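K.L.:
Right, I'll just put the structure down here and ask away after.
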Amino acid sequence: MISKEVYRILESIVGPEYVSDDPVICEGYRSGPGGYENGLGYERVMTLVPGCVIMPRTTEEVQRIVKVCYRRDIPYVPYSTGFYGPRSHPHVEDALLIDLKRMNDFVLDEKHFYVEVGPGMVYSPIQEECMNHGAYVVIGGGGAQASAIANLIGDGWSPLSHRIGLPHRRILGTEVVMPDGELLRLGSLATDDDPFWGESPGPDLRGLLRGYTGLRGCLGIVTRMAIKTLPFQPERLEPTGVSPDTALALPQNRVKWINFTVPSKEAQVKAMREIGHAEIAGAVTKVPLFWRAIAKAECKEEFWDIWGQETEESIANFFIVRVLLIGFTSEEQMAYDEKVLMDIMEPLGGIARRTKPSDESWIKNADSAGMWLMCGGYVSLDYVIETLTQSIEHGPTYADLKKKYTPPLMPDYGDPGWFQSFELGHQGYSEFLIYWDPDDDTDPVDRFYVDTSKMNIKNRFYTSLLGPHQPLYLTGPKYGPNYHEFLLKVKDEFDPKWMSHPPVPLAHDVFVERAPWMHAMKDWESPDDLPK
Amino acid sequence: MAEELNVRYYKPRDEFKLDVTDIENFVYDMSRCIKCKGCTWVEHTYMPGAKFMTRCPSATIYEFDAYGAYGKMRIGHAMAEGLLDWNEKALEVMYACTLCGACDVGCKRNLDLEIGLTLESLRVKAVQDGVGPMPAHKKLAANIEKKHNFYGAAHKDRKGWLTEETQPARKADIVYFVGCNASYKNQEIARSTAKIIQAAGDDFMLLPNEWCCGNTLFSVGLYDEAKALAERNVEAMRKTGARTLLTSCAEGYRMWKVDYPKLLDIATEDLGFEVIHLVEYAGDRIANGALKTTRPFETRMTYHDSCSLSRLSEPWTPYEGKRGWMGCVEPRLKRRRGKNGVYFPPRDILKGIPGVNLVEMPRMRENAFCCGAGRGTKEAFPDFARRAANHRLEEVREIGAETLVAACPWCKSHFSEVTGENGDAIQVLDIAEVICASLDASA
């Protein structure tokens with residue numbers, strides 16, 4: 001419990017209205033019972049309501065708070081929107097939750113194509129401001145409601161990554177409050193107050209900050225970041241409709257989605273690669289097929305009516321390529337791109353289907369929240385960035401494993417997940433999502449999580465499931481072979497007292513130790529002195 | 001497929017009812033909140049930019065997660081599970097909220113959870129548990145019980161707004177339910193409404209002995225008291241034999257159209273009469289030529305969507321059913337998502353008035369930010385209500401509007417008070433006044 005003395009110090013930093021240890025206020029920060037990965041064992045076993053909550057407004061306030069915590073051995077957790085589920089909530093008793101939502105500063109530099117944001121700023125307002133000034137950014141798959149900083153130091157990709165590229169390339173000057181409260185400035189911020197450059201005269205620690213898919217605040221708190229934007233086309237994408245039936249009307253002469261059906265997975269992959277090779281399109285993607293049923297359904301009951309019509313055969317023989325054309329420089333450029341696209345698709349047997357002249361998701365609104373509609377439990381369990389061709393093997397392997405755990409996983413008839421081109425076809429992206437009813441016995445879902453890692457290790461798929469997302473002592477030795485040792489040394493160096501979001505990055509290891517239903521799966525070595 | 005369906009729906013089904021007197025009916029909804037904060041952000045398609053990003057007054061003013069619907073769902077869930085007790089802060093969290101419905105329409109774009117009903121139910125629970133409502137609400141309840149009006153004014157003065165030229169008929173097809181605010185405080189709204197009806201060539205009557213609609217009682221969880229008023233008022237209306245009940249008050253409109261049926265466990269269509277707001281009536285009469293709004297009104301104007309006329313106004317249908325695998329319900333539930341709120345008639349009316357330059361605020365229709373006064377909030381948390389109104393008025397200033405128009409006397413009262421305190425040069429009007437002022441004098 002945070003002492004009265006410390007509480008008074010915290011009040012003096014942010015003002016009494018922005019700190020509270022009232023149990024009702026703290027309960028408002030509970031991770032579950034619903035939401036991303038919530039309701040599973042990891043949430044039930046590993047998360048706790050914070051002992052106290054504080055809402056700083058400035059980097060200096062964050063520094064002062066963290067220094068108090070470090071001196072007084074108070075564990076703390078940085079928190080932006082809380083959408084990322086249990087891994088962004090306290091794992092230990094009496095933690096101080098540092099809610100960063102008031103740090104929502106926003107600066108747009110139109111001339112130099114970047115925005116500068118605080119961790120409280122979410123994606124959709126950034127995109128609106130950018131589009132009003134001839135630029136655009138990725139709305140990450142985490143959703144339009146995700147903190148841009150949290151998303152960029154974790155995941156940060158979407159179908160728009162076909163052209164915009166991988167997220168780490170867009171992180172420019174960045175300010176980090178280190179676990180002990182010292183301030184680290186990356187990129188050109190290291191020498192003056194201009195955040196334009198991501199590269200710094202000294203060491204560039206953006207890789208450490210991000211890792212593969214983020215370290216969930218265990219290496220400090222990002223309080224300011226400049227994000228690169230890219231030129232967009234000039235016409236307005238007009239919001240239309242009344243909720244829940246809203247979309248952006250697209251100026252068809254400058255922005256257009258086209259859905260193609262193709263005869264095979266091979267044709268799908270070839271189409272994506274050739275579109276990238278031709279350096280056309282703003283997005284090239286194939287989303288999980290049940291998302292189409294979500295889009296058609298008026299309600300969850302109707303979703304099951306529609307999805308229930310599918311079979312393994314119908315899913316196995318349905319291949320779609322969804323292409324977003326953007327006339328970045330002119331209408332003529334888009335018309336030319338469309339001709340090139342048709343030249344690519346025709347010999348592959350691609351047939352252009354009727355496509356709505358609007359955008360419901362990806363340009364300004366990534367509809368990740370709607371993913372919970374049909375089941376109530378959801379997590380995006382595996383994402384892989386490799387070559388486009390690897391997905392031909394990885395998708396079916398994953399679908400086979402999924403079948404073993406269905407139920408409690410939702411019947412998906414072998415849907416091989418989300419698959420698309422990144423960086424004009426130089427990278428292929430696969431993402432696999434799992435859904436379940438939270439009222440079912442979810443222990444098998446916990447086991448499936450770890451089994452996914454084992455499958456990836458066995459088949460040598462390069463997976464995202466490293467670091468804090470899985471048992472570090474399972475994945476680390478297989479992806480390095482000393483990834484775990486390296487990461488733990490960095491943690492010890494930056495945070496010798498392990499005050500910043502403990503016990504991350506060992507939280508999943510601890511979970512496996514604590515959860516009896518996981519013990520039978522543990523066939524890897526780990527030290528006896530894991531935090532208990 | 002049939003066999004698979006059997007497998008799919010194997011789960012025993014839990015019975016539930018959309019009945020706010022039992023919080024157990026909403027444990028499912030509270031347990032499925034995912035913290036997407038769709039309840040709080042302006043819907044992303046309509047997100048106006050780095051200013052005016054939120055539509056929830058409570059979350060915007062108080063900022064801790066507890067005050068957003070996502071926090072309230074967690075707190076309510078813990079209470080329903082017996083893990084958390086009421087305290088002073090819990091009462092503030094539950095009552096410093098305008099029940100404006102922004103959270104409900106936001107959630108229903110994503111997840112279809114019954115957030116609005118859950119919040120109402122939590123207030124009923126507060127009363128059932130002996131801790132609610134707030135002291136200011138108890139005073140209002142005493143006023144309504146003794147004097148049949150919100151203000152505690154003399155009941156005999158309720159018709160004080162009537163003038164020689166706005167006399168009601170003894171018998172008419174339209175009953176004008178005036179409501180407490182327009183009867184006692186903003187009487188110009190009542191007079192304007194009467195003139196509009198008469199200008200359209202219709203007669204109106206009043207309820208023989210009009211009492212408060214009970215909006216505040218229902219909104220603060222005094223369910224039994226509100227139900228008694230609902231029974232009394234609906235019975236009085238039925239006795240008139242009129243086919244239409246017309247209000248110029250958004251809160252009264254919602255009570256008659258949505259919450260009376262909810263309290264009486266009937267569907268809106270089973271009331272036995274139609275409930276309409278003045279803007280629906282006027283829109284119809286303008287369309288058929290009975291009303292002519294031809295007198296110019298030169299102003300740069302903006303329209304504020306009163307919550308109870310817009311996203312909260314869809315008709316009520318009682319529901320009782322079972323929830324099974326994946327949360328699917330049987331029989332099918334026609335969810336109230338706010339899509340069919342009264343958004344367009346007031347805008348069409350205002351746009352049709354010569355000289356009116358109608359400009360939208362960044363947050364409009366289902367994304368509008370509440371004035372901050374509604375449903376018992378202003379009485380118990382006046383500072384919060386004032387801050388919320390000022391937040392909304394920032395938008396009015398941002399677009400450079402000279403005139404702010406609402407379709408509810410409570411919104412007008414609140415905005416007028418706050419602009420008056422600020423010294424803002426913003427004219428605040430009710431739409432009844434605007435329509436009345438624009439009527440063709442020669443007609």
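Just so you know, all these numbers are worked out from the coordinates, no wet-lab data involved. None of the values given here were measured: they were computed from a predicted structure. Virtual Cβ from ideal backbone geometry, glycine too; neighbours counted across all protein chains shown.
K.L.:
Quick one: putting +1 on the C-beta of Lys and Arg, -1 on the C-beta of Asp and Glu, what dipole do you get for chain A around its Cα centre, in Debye to the nearest 20?
P.N.:
Result for chain A is approximately 560 debye, rounded to the nearest 20.
K.L.:
Once amide H atoms are built 1.01 Å from N in the peptide plane, which residues 5 or more positions from A:Asp382, or in another chain, come under 5 Å H to H?
P.N.:
A:Phe432
K.L.:
May I ask what percent, to the nearest 5, of DSSP beta bridges between residues of chain B are antiparallel?
P.N.:
Around 25 percent antiparallel, to the nearest 5.
K.L.:
Got a sec to turn the phi values of region A:135-147 into Karplus ³J(HN,Hα) couplings, 6.51 cos²θ - 1.76 cosθ + 1.60 with θ = phi - 60°, whole Hz, x for Gly and Pro?
P.N.:
Karplus values, whole Hz, x for Gly and Pro: 10, 8, 10, 7, 8, x, x, x, x, 5, 8, 7, 5.
K.L.:
Let me know the charge dipole size of region B:2-438 about its Cα centre in debye, to the nearest 20, where only the beta-carbon of Lys, Arg (+1) and Asp, Glu (-1) is charged.
P.N.:
Computed charge dipole of region B:2-438: roughly 300 debye.
K.L.:
Taking amide H atoms as placed 1.01 Å from N in the peptide plane, list the residues 5 or more away in sequence, or in a different chain, whose amide H sits under 5 Å from that of A:Gly376.
P.N.:
Here nothing satisfies the definition.
K.L.:
Can you spot the lysines whose alpha carbon is less than 25 Å from A:Lys489's alpha carbon? Ignore those fewer than 8 places along the same chain.
P.N.:
Once the sequence-local lysines are set aside, what remains near A:Lys489 is A:Lys67, A:Lys454, A:Lys478, A:Lys497, A:Lys522, A:Lys532.
K.L.:
Same structure again: Over 22 Å apart: what share of the alpha carbon pairs of region A:106-231 falls there, rounded to a whole percent?
P.N.:
27 percent
K.L.:
So if the hydrodynamic radius of region A:4-99 is defined as the Kirkwood radius over C-alpha pairs, what does Stokes-Einstein give as its diffusion coefficient at 37 °C and 0.692 mPa s, in µm² per second?
P.N.:
243 µm²/s
K.L.:
Over region A:241-439, what is the mean sequence separation of C-alpha contacts under 8 Å (at least six apart), divided by residue count, expressed as relative contact order in percent?
P.N.:
32 percent
K.L.:
Please state the shape class of region B:289-443: rounded when a/c is under 1.5, otherwise prolate if a/b exceeds b/c and oblate if not, all from the C-alpha gyration tensor.
P.N.:
Oblate.
K.L.:
Same structure again: Near the amide H of A:Tyr435, under 5 Å away, which other amide H atoms are found, from residues 5 or more places off or on another chain, if H is placed in the peptide plane?
P.N.:
Long-range HN contacts for A:Tyr435: A:Met410.
K.L.:
On C-alpha positions alone, give me the angle between the axis of helix B:409-422 and the longest principal axis of chain B, in degrees, nearest 10.
P.N.:
80 degrees
K.L.:
Once you wrap a convex hull around the alpha carbon atoms of region A:145-216, what is its projected area averaged over all directions, in nm²?
P.N.:
5.5 nm²
K.L.:
Straight-line reach from B:Lys147: which lysines have a Cα under 22 Å away, not including same-chain ones fewer than 8 places off?
P.N.:
Leaving aside lysines fewer than 8 places away in the same chain, those within reach of B:Lys147 are B:Lys138, B:Lys139, B:Lys156, B:Lys159, B:Lys185, B:Lys227, B:Lys378.
K.L.:
If you don't mind, there's one more thing I want to ask. Quick one: helix B:382-398 against the long Cα principal axis of chain B, what's the angle to the nearest 10°, folded into 0 to 90?
P.N.:
So the helix axis and the longest Cα principal axis differ by about 70 degrees.
K.L.:
Further question on the same structure: What does the helix-only formula give at 222 nm for chain B: each DSSP H stretch with n ≥ 4 adding -39500 (n - 2.57), the total divided by the residues, and the result rounded to the nearest 500 deg cm²/dmol?
P.N.:
Value at 222 nm, helices only, nearest 500: -12000 deg cm²/dmol.
K.L.:
Counting alpha carbon pairs within less than 8 Å and at least 6 residues apart, what relative contact order, in whole percent, applies to chain B?
P.N.:
The value is 19 percent.
K.L.:
Here is a follow-up. May I ask you to work out the translational diffusion coefficient for chain B at 10 °C, viscosity 1.306 mPa s, via Stokes-Einstein with Rh from the Kirkwood sum over Cα pairs, reported in whole µm²/s?
P.N.:
D, rounded to a whole number, is 71 µm²/s.
K.L.:
If I take R0 = 35 Å and measure r between the Cβ atoms of B:Asp129 and B:Ala267 in this structure, what FRET efficiency does the formula 1/(1 + (r/R0)^6) give, to the nearest 0.05?
P.N.:
0.70
K.L.:
Which shape class applies to region B:1-148: rounded if a/c is under 1.5, otherwise prolate when a/b exceeds b/c and oblate if not, where a ≥ b ≥ c are the square roots of the Cα gyration tensor eigenvalues?
P.N.:
oblate
K.L.:
Based on DSSP, what percent of beta bridges with both residues in the protein assembly as shown are antiparallel, to the nearest 5?
P.N.:
Counting DSSP beta bridges with both partners in the protein assembly as shown, the antiparallel share is about 70 percent.
K.L.:
Under a straight-distance cross-link criterion of Cα-Cα below 23 Å, which lysines are reachable from A:Lys111, leaving out those fewer than 8 residues away in the same chain?
P.N.:
A:Lys228, A:Lys364, B:Lys51
K.L.:
Another one. Using only the alpha-carbon atoms, what does region B:240-314 span along each of its principal axes? Please give whole angstrom values in decreasing order.
P.N.:
46, 27, 17
K.L.:
So, one more: Go through region B:314-321 residue by residue and turn each phi into a ³J(HN,Hα) via Karplus (6.51, -1.76, 1.60, θ = phi - 60°); whole Hz please, and just put x for glycine and proline.
P.N.:
For region B:314-321, the Karplus curve yields 5, x, 9, 10, x, 9, 9, x Hz.
K.L.:
Still on this structure, please answer the following. Just the C-alpha atoms of the protein assembly as shown: what Rg/Rh do they give, with Rh taken as the Kirkwood radius?
P.N.:
Taking Rg over the Kirkwood Rh, I get 0.98.
K.L.:
What GluC sites (Glu not before Pro) in region B:28-87 are in a loop by DSSP, with at most 15 other Cβ atoms within 10 Å of the Cβ?
P.N.:
B:Glu81
K.L.:
Given q = 0.07 Å⁻¹, what are the Debye log10 I(q)/I(0) values for chain A, with equal point scatterers placed on the Cα positions and solvent ignored?
P.N.:
Debye intensities relative to I(0), on a log10 scale: -0.39.
K.L.:
Same structure, new question: Holding the Cα-Cα limit at 20 Å, pick out from A:Lys4/B:Lys72; A:Lys296/B:Lys108; B:Lys146/B:Lys412 the pairs that are longer than that.
P.N.:
A:Lys4/B:Lys72; B:Lys146/B:Lys412
K.L.:
Over region A:4-99, what relative contact order in percent results from Cα pairs under 8 Å that are six or more residues apart?
P.N.:
Contact order relative to length: 33 percent.
K.L.:
Rounded if a/c is under 1.5, else prolate if a/b beats b/c, else oblate: with a ≥ b ≥ c from the C-alpha gyration tensor eigenvalues square-rooted, which is region A:425-532?
P.N.:
Oblate, since a/c reaches 1.5 and b/c is not below a/b.
K.L.:
Would you work out which of B:Ala230, B:Gly252, B:Gly201 lies farthest towards the positive end of the dipole of region B:182-260, given +1 charges on the beta-carbon of Lys and Arg and -1 on that of Asp and Glu, about the Cα centre?
P.N.:
Checked the options; the winner is B:Gly201.
K.L.:
Moving on to the next point. Just the C-alpha atoms of region A:226-382: what Rg/Rh do they give, with Rh taken as the Kirkwood radius?
P.N.:
The Rg/Rh ratio comes out at 0.98.
K.L.:
Rounded to whole Hz and in sequence order, give me ³J(HN,Hα) for region B:73-84 from the Karplus expression 6.51 cos²θ - 1.76 cosθ + 1.60, θ = phi - 60°, writing x for Gly and Pro.
P.N.:
For region B:73-84, the Karplus curve yields 5, 5, 5, x, 5, 4, 5, 4, 8, x, 9, 9 Hz.
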